[in-house]
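Have a look at the structure below, then the notes.
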Amino acid sequence: MGDVSPPKKQINLLRGWPHPSLLPTPAITAAANAALSNPSVSTPGLLYGPDPGYQPLREEIGSWLSRFFGGKADAERICITGGASQNLACVLQVFSDPTVTKVWMVAPCYFLACRIFDDAALEVRAVGEGKEGVDLEQLEKYLVTEDEKRDPKPQKIKLPKPWSKTYRHIIYCVPTFSNPSGKTMSLSCRQSLVRLARKHDALIITDDVYDFLQWPTSSLSSTSSMNKALLPRLVDVDRTLEPLPAEGSFGNAMSNGSFSKIAGPGVRTGWAEATPTFTYGLSQCGSSRSGGAPSQLTATIMCELLKSGDLEKHIEHTLCPAYKRRYEIMMKAIQQYLVPLGVTVGEVSFGDKEIFGGYFIWVELPKGVGAEKASLMAREEHGLIVAPGKIFEVANDESVKFENSIRLCFSWEEEADLEEGVKRLGKVVQEVVEGKSAPEKKDGGEIKNDLGEFR
Ligand SMILES: Cc1ncc(COP(=O)(O)O)c(C=O)c1O
């Protein structure tokens with residue numbers, strides 16, 4: 001008799017999507033009904049929107065962000081977008097020029113942004129995360145060197161426009177609960193980064209898409225402050241750090257916010273926050289001038305969702321407890337099945353705060369256990385999909401590598417399968433340590449080339 005054991009159920013710890021049970025479908029239904037049954041909302045919702053987006057949503061977002069991050073609500077600083085990815089492309093269209101602008105991506109990076117920079121013909125380089133969230137010393141060296149060799153009178157490809165400017169540098173990072181490393185940049189690093197950006201005419205672009213999803217990692221930590229951000233975003237630091245930016249300036253930081261991780265990626269709606277001058281410039285992007293702000297109808301629905309308080313309730317009462325539970329299951333399994341094999345977990349708390357958040361845990365396999373080989377064995381022989389660190393290297397820059405790292409996502413898979421997934425990874429690590437060779441490569445041996453899987 002041959003082996004009669006049934007094939008293992010596939011477990012996917014790669015996909016960075018919310019589990020379908022965590023989508024606020026009833027609340028979005030109610031919000032859509034409220035929007036569509038009221039002509040004063042549905043009519044503007046079904047027509048072209050103003051360039052910076054649906055004004056009531058700009059105001060709702062302004063007040064909500066001020067409740068969460070502190071600071072004064074100011075709708076003039078907010079522009080409605082089609083989500084973080086779409087907005088990154090628009091920012092580059094308005095504020096960069098390939099002959100002038102260099103991009104510095106903090107690595108490991110949200111690698112799907114690489115394609116967006118490439119579409120804008122921008123050259124991208126990697127900078128390490130260092131201990132605090134970005135290796136400032138390395139970054140400063142790069143900026144200085146780049147500025148020294150810069151052509152003082154470059155032949156810009158784009159014509160100057162009164163609503164825009166061309167930054168010399170763009171620094172891209174995910175400073176809070178990063179995708180992929182889970183790391184959070186310290187406050188002093190945020191302040192130094194803003195100072196550096198001001199000195200070198202850099203625009204810091206942050207994807208602040210996980211900030212609302214946070215929980216205490218220790219029973220000793222108070223949960224009372226969980227509906228307030230623990231750290232200011234870089235855009236908040238740029239707004240408040242002395243010397244304050246001059247009235248009317250473009251500033252040096254833009255926050256990319258999104259409803260993808262807190263409502264659902266399919267809503268394709270988000271917001272940008274920056275100085276009013278920057279926000280106005282962004283709203284003048286050709287595609288918004290022609291089509292009005294993106295996601296106009298959904299913007300009216302998201303506005304109702306915020307106005308009713310349902311989104312904040314969903315985050316506080318459903319998402320944060322669910323992700324906390326999922327995170328704890330995964331961490332316990334990591335302690336049980338991986339740590340004894342020499343696997344280590346990236347830093348999970350910041351400063352003296354025992355807080356974690358987001359979707360991902362970043363682990364380092366023992367030396368000699370390559371993550372690509374392990375993820376191939378996991379997929380081919382154990383029905384487990386994980387993301388090897390190589391995926392999160394900056395495209396075309398080999399200077400910062402992650403050969404031993406794996407990103408584990410706890411948001412997508414069934415809660416009941418998280419432990420089994422980690423257990424299978426433990427089995428793989430054990431096999432590699434014992435010298436088992438990698439399986440025959442099917443379909444080229446790469447993890448399926450469906451980039452959307454890796455978000
Ligand atoms: C860091 C980061 N930025 C952007 C996105 C995509 O955001 P959006 O759906 O708003 O385009 C993701 C999704 O995983 C992400 O992790």
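Laboratory data are not the source of any read-out in this text; all were calculated from the coordinates shown. What you are looking at is a predicted structure, and each value in this text was computed from that prediction instead of being measured. Ideal geometry is used to build each Cβ from the backbone, glycine not excepted, and the neighbour counts take in all protein chains shown.
Counting other C-beta atoms within 10 Å, which of 79, 114 has the fewest, and how do the rest follow?
The most exposed by this proxy come first: 114, 79.
Distance between the C-alpha centers of the stretch 13-59 and the stretch 278-348? Whole Å please.
Going from one Cα centre to the other spans 15 Å.
For residue 416 and residue 29, calculate 0.36 nm times their separation in residues minus their Cα-Cα distance, and state this gained length in nm to one decimal. Don't skip to the answer; put the middle values down first.
Working: separation 387, 0.36 × 387 = 139.32 nm, distance 2.83 nm.
The span from residue 416 to residue 29 would gain 136.5 nm if fully extended.
Name the long-range amide H neighbours of residue 387: under 5 Å, sequence gap of 5 or more, or other chain; modelled H, no Pro or chain starts.
Here the answer is 407, since their amide H atoms fall under 5 Å of that of residue 387.
Modelled label-to-label distance, residue 112 and residue 38, 7 Å Cα→beta-carbon offset: nm?
Label-label distance for residue 112 and residue 38, simple model: 3.2 nm.
Through the Karplus equation 6.51 cos²θ - 1.76 cosθ + 1.60, θ set to phi - 60°, convert the phi angles of the stretch 164-175 into ³J(HN,Hα) values in whole Hz; use x for Gly and Pro.
3J(HN,Hα) across the stretch 164-175, in whole Hz: 10, 9, 9, 6, 6, 9, 10, 10, 10, 7, 10, x.
Test of understanding: ordering 163, 215 by Cβ neighbours within 10 Å, fewest first, what list do you get? Present the calculation step by step, with values, prior to reporting the outcome.
Details: 163 14, 215 20.
Listed from fewest to most nearby Cβ atoms, that is 163, 215.
Considering Cα pairs under 8 angstrom that are at least six residues apart, work out the relative contact order of the chain and quote it in whole percent.
Computed over the chain, the figure is 26 percent.
In terms of modelled amide H atoms, which long-range or inter-chain residues lie less than 5 Å from the amide H of residue 204?
171, 253, 254
Going 7 Å from the Cα of residue 290 toward and past its Cβ, which residues in the stretch 33-50 have a backbone nitrogen under 20 Å from where you end up?
Label zone hits: 47-50.
Grab the Cα-Cα distance for residue 242 and residue 199, subtract it from 0.36 nm times how many residues apart they are, and report the gain in nm with one decimal.
Value of the extension gain: 14.1 nm.
With only Lys, Arg, Asp and Glu charged, each at its Cβ (+1 for the first two, -1 for the last two), find how big the charge dipole of the chain is about the Cα centre; round to the nearest 20 debye.
Numbers: 52 positive and 57 negative charges, 89 e Å.
Dipole magnitude for the chain comes out near 420 debye.
Suppose each label sits 7 Å from its Cα in the direction of the beta carbon; what would the residue 137-residue 156 distance come out to in nanometres?
Spacing of the two 7 Å Cα→Cβ label points: 3.6 nm.
From zero up to wherever the largest Cα-Cα distance of the stretch 25-309 sits, split into 10 Å bins and tell me the percent of pairs in each.
With 10 Å bins starting at 0, P(r) equals 6, 29, 36, 21, 7, 1.
Tell me which of 182, 253, 241 sits at the most positive position along the dipole axis of the stretch 171-309, charges placed on C-beta atoms (Lys, Arg +1; Asp, Glu -1).
About the Cα centre, the residue reaching furthest to the positive side is 182.
If I measure Cβ to Cβ between cysteines in the chain, which ones have no partner under 4.7 Å?
Here 79, 109, 114, 173, 189, 303, 320, 409 come out as lacking a disulfide-compatible partner, given the Cβ-Cβ threshold of under 4.7 Å.
Counting DSSP beta bridges with both partners in the chain, what percentage is antiparallel, nearest 5?
50
For residue 72, which lysines qualify as cross-link partners when the Cα separation must be under 27 Å and same-chain residues fewer than eight apart are set aside?
Partners found: 165, 199, 228, 261, 307, 313, 353.
Towards the positive end of the charge dipole of the chain, with charges on Cβ (+1 Lys, Arg; -1 Asp, Glu), say which of 376, 291, 203 has the farthest Cα.
In the chain, that residue is 291.
Picking from 336, 263, 57, whose Cα lies most toward the positive end of the charge dipole for the chain (charges on Cβ: Lys, Arg +1; Asp, Glu -1)?
Of 336, 263, 57, it is 57.
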